[in-house]
Every structure is written in structure tokens, then in C-alpha cells.
1. Can you run down the residue pairs with Cβ atoms below 7 Å, 6 or more apart or on separate chains, where the first is in segment 240-265 and more than 13 Å from Pro230 (Cα to Cα) and the partner is hydroxyl-bearing (Ser, Thr, Tyr) and assigned to a helix (DSSP H, G or I)?
2. Name the residues in segment 266-299 that are outside any loop (DSSP other than H, G, I, E, B) and either among the aromatic types (Phe, Trp, Tyr) or surrounded by fewer than 22 Cβ atoms within 10 Å (Cβ to Cβ) (or both), would you?
3. Counting only residues that are outside any helix (DSSP H, G or I) and among the charged types (D, E, K, R), which one in segment 191-212 is farthest from Asp172 (Cα to Cα)?
4. If I filter segment 220-241 for residues that are surrounded by 18 or more Cβ atoms within 10 Å (Cβ to Cβ), part of a helix (DSSP H, G or I), among the small types (Gly, Ala, Ser) and not assigned by TED's automatic domain parsing to the domain that holds Glu141, do I get at least one hit?
5. Check whether at least one residue in segment 269-281 is in contact with a Gly (Cβ under 9 Å, 6 or more places away or on another chain) and either among the charged types (D, E, K, R) or modelled with pLDDT under 95 (or both), and report yes or no.
6. I'm checking my understanding of the structure. Among residues of segment 164-202 that are touching a Lys or Arg at 6+ places or on another chain (Cβ under 8 Å) and under 17 Å from Glu141 (Cβ atoms), which one is surrounded by the most Cβ atoms within 10 Å (Cβ to Cβ)?
7. Please count how many residues of segment 247-265 are assigned to a helix (DSSP H, G or I) and of a type outside the set (Gly, Ala, Ser).
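The values are calculated or read from the model by the stated rules, or taken from the named source; none is laboratory data. Please read these numbers as outputs of a predicted model, since none were measured by experiment. Heads up, the Cβs are rebuilt from the backbone with ideal geometry, glycines too, and the neighbour counts pull from every protein chain shown.
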Amino acid sequence: MQALTPPYSTGLCLKSLVPTSTSHKVGPGQLSVHYVYRFDSSNGNPNTGFHLGSQIGANRADWQSSCAILASKVVSQQEEKDKSRNKSDSITTVNGHPSSMDLVPLDKIPKPLTITDLSPSPTHGSNLRVAYQGVPGAYSEAAAGKAYPNCEAIPCDQFEVAFQAVELWIADRAVLPVENSLGGSIHRNYDLLLRHRLHIVGEVQLPVHHCLLALPGVRKEFLTRVISHPQALSQCELTITKLGLNVAREAVDDTAGAAEFIAANSLRDTAAIASARAAELYGLDILFDGIQDDSSNVTRFVMLAREPIIPRTDRPFKTSIVFAHEKGTSVLFKVLSAFAFRNISLTKIESRPHRNMPIRIVDDANVGTAKHFEYMFYVDFEASMAEVRAQNALAEVQEFTSFLRVLGSYPMDMTPWTPSRE
């Protein structure tokens, strides 16, 4: 979808888009567009502005698109107000078990978006809409809430869907994991950063606190298997053994999805490794809390947007880049020297082989034909692109590389965190 640019060089500007009441005869839900024609006196020519009629010219399509977007937004907000008036308080039971907590029934929990759900819908709520991979109760949902408090979190069933949700204006941001302190990088998301035109606008680090969850009344002696995400299973392997659990391990797509699966199917012989939030959402009991083998288990998430932010120098910034060279790894030493010479600290450097499936990409300027590279190098360094030393370093790197892209220059997450108790 093409971004709508305000017509600053013309005399036409949208003033309001409101339901018409008295001045004209219109049907229910119809809207009236009010506009103001301004005389542009910058060059003294009274014909500078565009009129609403046939003289709109090339901006007519953009103007009509903006009207459609604003109209759908007004109707959406009106429907939300009507629904809020008719809403009544009720006490809910989850999975047939009465509870004093204000739990959400399983059939009311938002379902993850799928590829087929994606359509270029321009409607937005009043809050920032943030896409994440997983189901409600996932660690990615917690990261989205930490990055954007009071946001409207949108669950997606795949990382690819979260990227597309932002590109199609279904979501305003996406919060996705890129590396874990124990499991390493999530390579799938780095590859998707190359294939999509989204920008990193921030980062958030989330301590991972695993719990063993089961249906109410289930004791550990009843368990025959434990299900969770593969990384969660590996991160709790020693603790599960120490607890004396003689259970099979079964991998599923995500941690909260494992909790949802147990609740939906009333599995009394199965436990899930997930968060305390997942236990609350799906009406499960926490058999054991803090079962991760390492208390310093932290996952780093990045926030993605359609447009980059303006880098600054008044706070610590981090910049993420990816580069490649047709001659492979021989250029790496020269690139590292460009940062070392300017005393720029690197926080990440990693190569991704694409020898069997060389990746086909185009640089930021879209100049020339797309190229295939056997290796891609990802680098994070502690400097803002507003700093001259960072600009000079990248200028030197560009001399040695065949491909270079700045994935984003963004504020570092400086929030202190406390390791979980063993």
C-alpha cells in the first residue's frame, strides 16, 4: 500500500470527516467530507492550489484513499461505542471449573491471524496495534506489552504473518524475537528482515520465567508427557529430571499454545511448560514455578515499523546492519577494522550461510539487478546513525561490500532486570 502524503504543495487539505446531521439528507452511517481551500501565497499565484473538482489531478486517487481510510475509522469507532453501551458484567467459568478470577473463556480468546486472514484493511482502533507470533499468553505477547504498554496485541500464527500484518496496515508495529541468551539467534526472523521492507525502531529484553502447568487437580504422578516449544523443553531439561518426572517430551509450536492445547482437550496426563500468564488465561494450575535451568535466560525482541525513526544522540542507540560480499568471508577483517578504528563496540556479529539456497536481494537504493550471496553477515554496534563516526564507518564498510543495508538505528533497552530464582 502506498503511503499517503499530505498535499503540502497544494491548497487542498482535509478538515474533518464527520457524520452529517442537519445540513444534508443522508442515510444512516453516511459521512460528509468537509474541506478547506487555502490560497497559497508563497509565490503570489492565486492558481497554485487545487480545487476539489476535475483539477485535483494526480492527487485524486490518494485523496479518495485517505477519505476511505478515515471513513472506515469513524464507522469502526462508532461501532465500538455502541458495543460498549450494551456490554453487561458477568462471572465466567473456564473449562467447567468455577473461578473467582476474571478469566476469558477459551472461545473468546483472540485466535492467531493466518495468511488467509490478511487483507489490506485500513481500519485501526484508538490504541497502537502490535502484531506478535503465538497465541495469548505467549512470551511474545508479554514483550509487546512491555514495548508498548496498553497496546492492542494481535496474535499471528507465523512470523511471516506478523511481518505482513504491518505491511498491510492491519497492525502498526510488530514485536518479534531475534535472539535468546541460551538458544542463540532466531534465524528465521533475520531472514525475514531481508525479505521485507520493515525497519527496526526499538528493542526490548524479556527475562524468561518458565512454569510447569497442568489441569486443576492433576498431580505430577499423573503425568506421562510434557509439551512445549523446543527451546523451552531444552531450557528446562535438567530441572524436569531433578523433579523425578518420568515423562516424554513433545515439541509444539509455542509455549502458550501448549497450555491452550491441554485446556481445550482436557488432557489430565499432560503438562505444559509456559508462562504464569498462560496458566491464568487457560485455567491451569502451576505445579512448579521457575523451572528454567539457567536464571539468566533472556530473550531479545525487536520492534518493527513501516518507517524508520530519526536517530538521536541524547541517549544510547544501537544500529543493526546486514552486509554481504560476492567473495565470501575475506572481507570480514576489513569491515571489523572500520569499527575498531573508530572505537565503536560491536554487540553482535554472525554469519548466515546460504550456499545451498543463495539468497536473492536488492540493496536499499534498489539500484541494479538483484544478486545472490552465499553468506550474509549481521552486525549490531553501539552507536547512533546521527553520529559522524557511525556514518564514516558505514561509508568505509560500503567500499568493501557488494551489499549493505541498515536494518535500523534505535534506542537500546537499558531496563535492568533481575534473574529468576533457581
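1. Pairs that qualify, where the first residue is more than 13 Å from Pro230 (Cα to Cα) and the partner is hydroxyl-bearing (Ser, Thr, Tyr) and assigned to a helix (DSSP H, G or I), are Ala259/Tyr282; Glu260/Tyr282; Ala263/Tyr282.
2. Ala276, Arg277, Glu280, Tyr282, Asp285, Ile286, Leu287, Phe288, Asp289, Val298
3. Of the residues in segment 191-212, the ones outside any helix (DSSP H, G or I) are 196-212.
Checking the rest, the ones that are also among the charged types (D, E, K, R) come to 197, 203.
Working: Arg197: 14, Glu203: 16 Å.
If we take residues in segment 191-212 being outside any helix (DSSP H, G or I) and among the charged types (D, E, K, R), then Glu203 is farthest from Asp172 (Cα to Cα).
4. Yes.
5. Yes: one or more hits.
6. If we take residues in segment 164-202 being touching a Lys or Arg at 6+ places or on another chain (Cβ under 8 Å) and under 17 Å from Glu141 (Cβ atoms), then Ala171 is surrounded by the most Cβ atoms within 10 Å (Cβ to Cβ).
7. Residues of segment 247-265 assigned to a helix (DSSP H, G or I): 255-265.
Add one more test, that the residue is of a type outside the set (Gly, Ala, Ser), and what stays is 255, 260-262, 265.
Adding up the residues that qualify gives 5.
Rundown of residues vs (1) farther than 18 Å from Pro177 by Cα; (2) more than 24 Å from the chain's Cα centre (by Cα), yes/no style:
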position: Ala258; (1), (2): yes, no
position: Ala271; (1), (2): yes, yes
position: Leu281; (1), (2): yes, no
position: Leu287; (1), (2): yes, yes
position: Gln292; (1), (2): yes, yes
position: Asn297; (1), (2): no, no
position: Val302; (1), (2): no, no
position: Ile309; (1), (2): yes, no
position: Arg315; (1), (2): yes, no
